[in-house]
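K.L.:
Take this structure, written in structure tokens, and hold onto it; I'll ask about it next.
The values are calculated or read from the model by the stated rules, or taken from the named source; none is laboratory data. No experiment lies behind these values; they were computed from the predicted model shown. Methodologically, a virtual Cβ is constructed for each residue, glycine included, from the backbone with ideal geometry; neighbour enumeration extends over all protein chains shown. Note: accessible area is taken over every heavy atom of the protein model, side chains too, but ligands, DNA and RNA are not part of it. Shrake-Rupley method; radii C 1.70, N 1.55, O 1.52, S 1.80 Å.
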Amino acid sequence: MEIMSIHKSQTRDTATLPELGIVAYRIFSDTGCINIQLLSGK
């Protein structure tokens, strides 16, 4: 299992997780929800 840190100051960012691939996230500040998508990988 991989751990990804999400910083509230960056509402959009990408990260590379060795076991998954490239993921992107977006924080919706009005609702406090986070959307995480797998862009490429296994």
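K.L.:
What are the pairs, 6+ residues apart or on separate chains, where a residue within the stretch 1-17 that is within 19 Å of Ser29 (Cβ to Cβ) has its Cβ under 8 Å from a residue that is part of a loop (DSSP other than H, G, I, E, B)?
P.N.:
These pairs meet every condition: Thr11/Ser29; Asp13/Ile6; Asp13/His7.
K.L.:
Determine if the stretch 10-17 includes at least one residue that is among the acidic types (Asp, Glu) and open to solvent by 70 Å² or more (accessible area, probe 1.4 Å).
P.N.:
no
K.L.:
If you don't mind, there's one more thing I want to ask. Would you confirm whether any residue within the stretch 24-33 is surrounded by 10 or more Cβ atoms within 10 Å (Cβ to Cβ), touching a strand residue (DSSP E or B) at 6+ places or on another chain (Cβ under 8 Å) and at pLDDT below 90?
P.N.:
no
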